[in-house]
Amino acid sequence: MTHPNVSTALARVVVDELSAEGIEVVVISPGSRSGALAIAAAQHPDIETRVVIDERSAAFHALGVSKASSAPAAVLCTSGSAPANFFPAIVEAGAAGVPLVVISADRPAEMQGVGANQTTDQVEMFGAKVRRYGGIEAPGDGQDGNDMWRSEVARLASSARGPFPGPVHLNVRFREPTVPVSDDGRTPGAVPYPFGTPRLQHEPVTPDEGESVDLPPLDADRGVVIAGDGEYDRRALADRAGEIGWPILATALSRMRGTGVVSAYHHILSRGVPRDLEPSTVVAVGAVGPSPRLETMTAAADVRVRIDRWGRVIDPHRNATHVLSGDVVELLDRVEGSAAPAWREMWAEADRSSRTRLTEVLSGAGGWSGAAVASCLNRVGWDALVVASSLPIREIDAHLIREGPVYANRGVSGIDGFVSTALGVASRAPRTLALAGDLSLLHDSNGFIHDGSIDLTLVVVDNGGGGLFDSLPQARHAPDYERLFVTPPARSVEMLARFHGLRYQEAADDAELARLAEEGLGRRGVDVIRVLVDRGLDLEIRSQLES
């Protein structure tokens, strides 16, 4: 096959191999040096392209696609400072175990270190934050690098998928012309260029099998499982925990909320661990989130196991008796016998009692709170829920009881990139609802600038800044607290929505919020629903819920 120039051939091979490795979406931030790759992606029959102007937003958009897909998405940008904007999403993907293929176009070697425009050292620029780095040098005319180019892309795609999924970085150098012509008016290319594109026989790289898991002895009496975010068989875990009589404390990101699990643990443990609920063994699977109350309960147990299939060490207080890489069901298969029937029922009764108490407090609150918004979402028929960090995810963890996939960037728990992550998830998951705070909305408002047609309903808890800090020591001890920590944005959510051409509405009560959210989920485009929350009342309600 012939091509107008070597850069076009290289780009077509890279994109074709991405497709062969199962990548279906490439998010593109525009640029000149990346032009050949952008054109090749847009022309590939099995690749869907999205254009997002802001590189930081583009990377989070791709992160959202990857979260909601069975294959990693790719994100592409030009050279210079552009790829540096990928860093926040890379850090999040790496910590959260989300596969992501990051592609940066680069200047050729002869333009490095000589003050060339838009040129910086991009080799391994993300360091240890990516699972693997790969570079492709700019080929010269007459050089057939087809097999080598494909092998490099395949190697990186394999590393992105596992055994611990995460981000990988491919840096591709291009000489001009980077458009599909033999002469772009500035630089001529070979006419024609005869190599590239055909996919030769290729053996994919297979990750090494993990080492065998060192399993501890486990006593069936008074055990609990804390289910977090990670890769494990939910149904098998529920079945095995039922067989041995252990309650499952299911975090919001566990995808195990619904019937048969304990979800009100935050309030059950508000005054410490009740004596009749003290476990002797705690098995925490995956990332369980920053819950001091769960950590206190875990610390008091005799056997404290942290297990993760990806091999992450999730032991923030360094008090686990065992940190394992492996399958939680295999671990529980070692439990002999079962706990007394009353053990699991006591936890279930505590969960029911707590839920009844929470409902009573919220029904008599007399105004909006973050907890009321989160509780209201239990009545909305979303198929996927995307939640911002800080206060929103904490409210969802405490008050969401219905089943359904919940997505949040909790690898490093930043508020950045939220809008783009939600749009990325919504592009793959119909009837996606997102819950943001006003700061997380504003932080990534550039994410709304993209070329796609995506359906999303976005509920914004507008509490005038960082309401989470009202519950933290800064509220009592920090000078200039409002300006330095709450950071009231003093911006209109309505004006922002109008600027981006989004439908805007406000919800006065929970019945109206549920109705507006259902209407938004049932139609095309992006709906923004603002809920005005008074920070003082919100803090008072949170205190009542803890009492």
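The values are calculated or read from the model by the stated rules, or taken from the named source; none is laboratory data. This is a predicted model, so every value here is computed, not measured. Note that we place each Cβ from the backbone using ideal geometry, even for glycine, and neighbour counts take in every protein chain shown.
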Report summary line: Out of (1) out of contact with any helix residue (DSSP H, G or I) (no Cβ under 8 Å at 6 or more places or on another chain); (2) buried (at least 22 other Cβ atoms within 10 Å of the Cβ); (3) farther than 22 Å from LEU10 by Cα, the one SER159 does not meet is (3)
Query raised in the report: List the pairs whose first member sits in the stretch 313-325 and is crowded, with 17+ Cβ neighbours inside 10 Å, whose second member is assigned to a loop (DSSP other than H, G, I, E, B) and among the acidic types (Asp, Glu), and whose Cβ atoms are under 6 Å apart, counting only residues at least 6 apart or on separate chains?
Result: VAL323/ASP315
Report task. Evaluate the stretch 490-498: report whether one residue or more is of a type in the set (Val, Ile, Thr) and closer than 18 Å to ALA374 by Cα. Result -> no
Query raised in the report: Hey, among LEU423, LEU439, LEU377, LEU362, which residue is touching a residue at least 12 places away in the same chain (Cβ under 8 Å), assigned to a helix (DSSP H, G or I) and over 22 Å from VAL493 (Cα atoms)?
Result: LEU362
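Return yes when SER69 is modelled with pLDDT under 95 and within 13 Å of the chain's Cα centre (by Cα) and no when it is not. Explain how you work it out, then say what you get.
Numbers: modelled with pLDDT under 95: yes; within 13 Å of the chain's Cα centre (by Cα): yes.
The answer is yes for SER69.
Conditions tested, residue by residue: (1) closer than 27 Å to ALA365 by Cβ; (2) out of contact with any His (no Cβ under 6 Å at 6 or more places or on another chain); (3) part of a helix (DSSP H, G or I).
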residue: PHE469; (1), (2), (3): yes, yes, yes
residue: GLU482; (1), (2), (3): yes, yes, yes
residue: PHE485; (1), (2), (3): yes, yes, yes
residue: PRO489; (1), (2), (3): yes, yes, no
residue: ARG498; (1), (2), (3): no, yes, yes
residue: GLY501; (1), (2), (3): no, yes, no
residue: TYR504; (1), (2), (3): yes, yes, no
residue: LEU516; (1), (2), (3): yes, yes, yes
**Report entry** Cβ-Cβ under 9 Å pairs, at least 6 apart or on other chains, the stretch 142-167 side at negative phi and of a type in the set (D, E, K, R), far side surrounded by fewer than 18 Cβ atoms within 10 Å (Cβ to Cβ) and part of a helix (DSSP H, G or I)
**Finding:** ARG150/ALA20
Query raised in the report: Considering only the stretch 503-513, how many residues are within 19 Å of ASN463 (Cα to Cα) and surrounded by 14 or more Cβ atoms within 10 Å (Cβ to Cβ)?
Result: 7
Query raised in the report: Is it the case that the stretch 491-502 has a residue that's buried (at least 16 other Cβ atoms within 10 Å of the Cβ), more than 24 Å from the chain's Cα centre (by Cα) and polar (S, T, N, Q)?
Result: no
Query raised in the report: Scanning for something surrounded by fewer than 20 Cβ atoms within 10 Å (Cβ to Cβ), closer than 20 Å to ASP444 by Cα and small (Gly, Ala, Ser), does the stretch 20-38 turn up at least one residue?
Result: no
Requested in this report: Just name the residue that is farthest from THR2 (Cα to Cα) out of those in the stretch 116-150 that are in contact with a Ser or Thr (Cβ under 9 Å, 6 or more places away or on another chain) and of a type in the set (Ser, Thr, Tyr).
Outcome: THR120
Report summary line: Output for Cβ contacts, cut-off 6 Å, separation at least six or different chains, first residue over 17 Å from GLY135 (Cα atoms) and in a helix (DSSP H, G or I) in the stretch 1-26, second at pLDDT 95 or above and of a type in the set (Asp, Glu), reads SER19/ASP46
Requested in this report: Please go through the stretch 504-547 and pick out each residue that is more than 29 Å from the chain's Cα centre (by Cα) and of a type in the set (Val, Ile, Thr).
Outcome: ILE541
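Within the bounds of the stretch 395-409, is there any residue that is part of a strand (DSSP E or B), over 16 Å from PHE60 (Cβ atoms) and assigned by TED's automatic domain parsing to the domain that holds LEU521?
Step one: filter the stretch 395-409 for residues part of a strand (DSSP E or B), giving 406-407.
Among the residues that remain, those that are also over 16 Å from PHE60 (Cβ atoms) are: 406.
Add one more test, that the residue is assigned by TED's automatic domain parsing to the domain that holds LEU521, and what stays is 406.
Taking every residue of the stretch 395-409 in turn, at least one turns out to be part of a strand (DSSP E or B), over 16 Å from PHE60 (Cβ atoms) and assigned by TED's automatic domain parsing to the domain that holds LEU521.
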